[in-house]
């Protein structure tokens, strides 16, 4: 083929790709704008990862009741997206031989876990496990796969006391206290401060300059407050304590950098990176919450849904994927990725009312992933693209 024809063909192909991208952006923008109007959601931020690189970062709406705009550099609450970043950090410690995923936490602690008294201000009341030696069965893998046997948090128990509801490692039940226990092992057993480790190993590595596990005064210049289900405003919480279960503040731009690095496998050996999103433990509940719900029949279970390390994994029409959500009364976040494509969509919202839009957004960006949204959020009526 003559060279001039090759050049013409290349320009034609590039123009088609540009048209396709513009059409996709227009579809996404229309869906988000109409969806926010329909749900009343006030702020939404989206990052798109293509082939392991940040492709787009976009924001809509406002960051506070004064109407100041939400921007890519607005600090937002990361909520439980923190757990995925924590697991990535843990895998670095595993590679360095400081932790082993399948070694009992008893091997790392100077004294038995229930003998630590007065820890509940930062961690949990471990003394309430006294008399139940099952704590010795706990390992980093069990804690990262939400199979410790705990409720989400001990303070949610009727008597406020942490306890085992099933044998560690036997089934999935979401537990923030399980993550915090692994933080306790790292800090008290290894002598490492988690916030410092995550700053050095993750935030600095990926250039996440406006991300931290605790509050920083410079965040106040561009900060998101949140909106609850009833439309009331919740001021941003200035968290002073590092919590592996969910104290991270971040921006959509910063978390996009992490997501891209994560799917590329940067900072980890291939075996370690694979371990993070390998299906480790089948999930056999109808939905994620309430955490301690009954196992359902195989016909009711979500096919190929399993716990990874700090994420959940699934298989769908486009292959293996993983997801992590984050939620509180005024925050709705999700991160969905397809492994083979190294493609992701990250959604951060400072308005919990935006969550029904998430399945539609992910479908527009990534296609039919097979992500089991009814498990993540329960049997809800989701918006469609």
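A short reminder: the numbers here are calculations on the coordinates, not readings from a lab. Since the model is a prediction, treat every value here as computed from it, not as a measurement. Note: ideal-geometry Cβ built from the backbone for every residue, glycine included; neighbour counts use all protein chains shown.
Could you go through the range 236-245 and let me know if any residue there is more than 24 Å from residue 146 (Cβ to Cβ) and surrounded by fewer than 17 Cβ atoms within 10 Å (Cβ to Cβ).
Checked the range 236-245: at least one residue is more than 24 Å from residue 146 (Cβ to Cβ) and surrounded by fewer than 17 Cβ atoms within 10 Å (Cβ to Cβ).
If I ask for residues that are over 24 Å from residue 341 (Cα atoms) and outside any loop (DSSP other than H, G, I, E, B), which ones from the range 60-84 would you list?
60, 61, 62, 69, 75, 76, 77, listed by residue number.
Can you tell me which residue in the range 126-151 is farthest from the chain's Cα centre (by Cα), limited to those that are surrounded by fewer than 20 Cβ atoms within 10 Å (Cβ to Cβ) and in a loop (DSSP other than H, G, I, E, B)?
Ranking the candidates gives 131 first.
If you take the residues of the range 161-189 that are in a loop (DSSP other than H, G, I, E, B) and free of Cβ contacts under 8 Å to residues at least 24 places away in the same chain, which of them is surrounded by the fewest Cβ atoms within 10 Å (Cβ to Cβ)?
Checking each candidate, the answer is 170.
What do you reckon, is residue 275 more than 12 Å from the chain's Cα centre (by Cα) and not in a loop (DSSP other than H, G, I, E, B)?
Spelling it out, residue 275 is indeed more than 12 Å from the chain's Cα centre (by Cα) and not in a loop (DSSP other than H, G, I, E, B).
Of the residues 67, 154, which single one is at positive phi and either surrounded by fewer than 16 Cβ atoms within 10 Å (Cβ to Cβ) or free of Cβ contacts under 8 Å to residues at least 40 places away in the same chain (or both)?
67
Give me the residue from the range 258-296 that is out of contact with any helix residue (DSSP H, G or I) (no Cβ under 6 Å at 6 or more places or on another chain), without any contact (Cβ under 8 Å) to a residue 24 or more places away in the chain and over 22 Å from residue 150 (Cα atoms) and, out of that set, surrounded by the most Cβ atoms within 10 Å (Cβ to Cβ).
If we take residues in the range 258-296 being out of contact with any helix residue (DSSP H, G or I) (no Cβ under 6 Å at 6 or more places or on another chain), without any contact (Cβ under 8 Å) to a residue 24 or more places away in the chain and over 22 Å from residue 150 (Cα atoms), then 274 is surrounded by the most Cβ atoms within 10 Å (Cβ to Cβ).
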